[in-house]
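Beneath this line is the structure, given in structure tokens, with notes to follow.
The values are calculated or read from the model by the stated rules, or taken from the named source; none is laboratory data. Remember, it's a predicted structure, so these values are computed and weren't measured experimentally. Note that we place each Cβ from the backbone using ideal geometry, even for glycine, and neighbour counts take in every protein chain shown. The accessibility values were calculated without ligands, DNA or RNA, using every heavy atom of the protein model including side chains. Shrake-Rupley method; radii C 1.70, N 1.55, O 1.52, S 1.80 Å.
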Amino acid sequence: MTPRTYEFLQLDVFARNPLEGNPLAVFADARGLSDSEMQALAREMNLSETTFILPRDAAIEAREGKKVRIFTVAEELPFAGHPTLGTALYLRTLQRAGDSEKPNDVVLDLRVGKIPVQFTPESKDAGRERVDGKVFGEMRQRDPEFGSTLSREEVASVIGVGVDEIASEWPVQVISTGLPFAIVPIRSLRALANVRYNAAQAAEFLERFGGRFFYLLCPERRQGQLEAEARMIFYGGEDPATGSAAGCAASWMVRYGVAKSDEQVVIQQGVVIHRPSEIYVQATRAGNEVTDVRVGGYAVEIIRGSVAL
């Protein structure tokens, strides 16, 4: 039998330079792949996530968006941030190649629903053939759902820090803009760097409260500018950049007055594992309502190849 061949590329997402940010594999045309084959290919890529684009009729795509599925090495996800941004940047490059008049936005049709992504290029970019770190993409995530608040003492025990290392000014809370994360405010960068815990035990604990993962966040305002550093440890190790969690963090910061409404904050992630990433976030608050959660960044292509099955 003639082998089936599937083209893929690899991007470093939430970074402007190669070998930084969070790697993502994108299969450009996944038609003909079964669910089990997609899952097996995600294991083969061995990255935190792999995406599969499923092209459809142009009229359907204009109405519904580009159909994309997201897999980790263990499961399919309804939503994830860096796969959404990276895949959208790739699709934008395709649709504008040779024609700068094409639309400057992409809508992805994910399991969680439609996610729009808008772009700001540094310069005129018609004719670009690859994602080159010079276009800023920003997705609008779903409005946040604020879930359970957690005990500082219990969380400190689970993640292996002293309870005083978790800030008491704000709650530890499960929040979802498509995937639920428990936002944990850490007092110092030193404490953040020293956190070590078992991801499986943490997941078992969070399951009781409707959460999937911890997102450890250390915000600090310096000379009027809010900065933040974050970490996310899960069953695949440590994530260099977690766009879905960053949207939850933006919602949390705005809800509790850490950030102002519509203030853009840069979250630095991946520092500890030498994969520095920059995630640009902001959200709008009106009373107790938080809406218009925006998460953005850059990406750069680093690998192209094919798989024969």
Estimated distance in nm for a label pair at Ala58 and Asp262, the labels positioned 7 Å out from Cα along Cα-to-Cβ: 3.7
Given charges at beta-carbon only (K, R positive; D, E negative), |dipole| of the range 206-309 in Debye: 120
Inter-probe distance in nm under a simple model that places probes 7 Å from Cα toward Cβ, at Ser188 and Glu169: 1.6
For the range 19-149: relative contact order, % (alpha-carbon pairs under 8 angstrom, 6 or more apart): 19
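Take every Cα pair under 8 Å in the chain that's 6+ residues apart, average their separations, divide by the length, and report that relative contact order as a whole percent.
22
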Residue-level accessible surface for Leu206, protein heavy atoms, 1.4 Å, Å²: 0
Size of charge dipole - the chain - debye, nearest 20, with Cβ of Lys, Arg +1 and Asp, Glu -1, no other charges: 240
Residue-normalised accessible area of the range 201-257, given per residue in Å² at a 1.4 Å probe: 37
The range 194-309, Rg to Rh (Cα coordinates; Rh as Kirkwood inverse mean 1/r): 1.03
Part-to-part distance (alpha-carbon centres) for the range 8-45 and the range 249-283, which is given in Å: 25
Accessible carbon and sulfur surface of the chain relative to its total accessible area, %, 1.4 Å: 47
Extent along principal axes [Cα atoms of the range 1-141; Å; largest to smallest]: 43, 37, 34
DSSP beta bridges in the chain [antiparallel fraction, %, rounded to 5]: 85
Dimensions in Å of the range 1-59 - Rg and Dmax from alpha carbons: 13.2, 42
Globularity ratio of the range 36-77, using Cα Rg and 2.2 N^0.38 Å: 1.33
Signed unit charges on C-beta, dipole axis of the range 1-145, positive-most listed residue Pro121, Leu77, Gly32: Pro121
Label-to-label distance, nm, for residues given as Glu220 and Glu154 (7 Å Cα→Cβ offset): 3.0
Positive-end residue, the chain charge dipole about Cα centroid, Cβ charges, pick of Ala200, His274, Thr284: Thr284
Magnitude of the charge dipole, the range 21-150, Cβ model with Lys/Arg +1 and Asp/Glu -1, debye to 20: 200
